[in-house]
């Protein structure tokens, strides 16, 4: 099949215009200028982040893990730096009833080998009671260490749904950085790759060209805004739903995670 670039007879509705290689390269080079500026600004922000002050707190405060209570200092595993994801928790909820955004983040950080190679440890903290947390972690197959910070205040506990960084100097422990909401996206490599594709994330908030495929939209129970994102909930068949048997993320379709098996501990 032959085609002529920019010929309306070869245009594909709802898709980028068809052009020749040279035209594509020119457009790509123009965008690259903005991408490089974005990268350099990100580098400048990271440099400012490294210059933030820090807050010292008691590193002997206890958190609960598989071996019982341990001091927060143990989470460093002898390393000087620690990254923590603070996973929100709903007491008494079935496995699939836990936070859709948090389970997505935890799923994308199931191997910290490259962090460890740079002297950084990784752990997940949550306010759930340890017996519930342990059951959830076992079912999900998470490999990273989890701890309950139920009743723990201050930098070691506090609000959930955050990526948080800590620094150790001997037995002294410091809070250095925390971010939440879309700041957590840096963990999710899938979102970064989707942002490179012509259709993006297929979410209602995105700025898309005229005629682009519409994002999946629905008005689930609980007052969520119209327009879903893919880590919201669906039923076992993938249909948007906010019911008691719904699932928060695509990972729930993995082999063995049937609706019956995910309905309770």
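Annotation for the stretch 27-46: no member residue is outside any helix (DSSP H, G or I) and within 24 Å of the chain's Cα centre (by Cα). Candidates 103, 127: the one that is within 19 Å of the chain's Cα centre (by Cα), crowded, with 19+ Cβ neighbours inside 10 Å and without any contact (Cβ under 8 Å) to a residue 40 or more places away in the chain is 127.
Yes/no matrix, rows are residues, columns are (1) at pLDDT 95 or above; (2) closer than 24 Å to residue 199 by Cβ:
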residue	(1), (2)
3	no, yes
9	no, yes
21	yes, yes
34	yes, yes
44	yes, no
61	yes, no
69	yes, no
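This table checks each residue for (1) in contact with a strand residue (DSSP E or B) (Cβ under 7 Å, 6 or more places away or on another chain); (2) within 23 Å of residue 174 (Cβ to Cβ).
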position: 47; (1), (2): no, yes
position: 54; (1), (2): yes, yes
position: 59; (1), (2): yes, yes
position: 62; (1), (2): yes, yes
position: 65; (1), (2): yes, yes
position: 81; (1), (2): yes, yes
position: 86; (1), (2): yes, yes
position: 93; (1), (2): no, no
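Let's see how each residue does on (1) at pLDDT below 95; (2) crowded, with 16+ Cβ neighbours inside 10 Å; (3) closer than 30 Å to residue 77 by Cβ; (4) out of contact with any strand residue (DSSP E or B) (no Cβ under 9 Å at 6 or more places or on another chain):
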residue	(1), (2), (3), (4)
163	no, yes, yes, no
166	no, yes, yes, no
213	yes, no, no, yes
216	yes, yes, no, no
221	yes, no, no, yes
230	yes, yes, no, yes
239	yes, no, no, yes
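Only residues that are without any contact (Cβ under 8 Å) to a residue 40 or more places away in the chain and assigned to a strand (DSSP E or B) were counted across the stretch 143-192, and they come to 3.
The values are calculated or read from the model by the stated rules, or taken from the named source; none is laboratory data. This is a predicted model, so every value here is computed, not measured. Methodologically, a virtual Cβ is constructed for each residue, glycine included, from the backbone with ideal geometry; neighbour enumeration extends over all protein chains shown.
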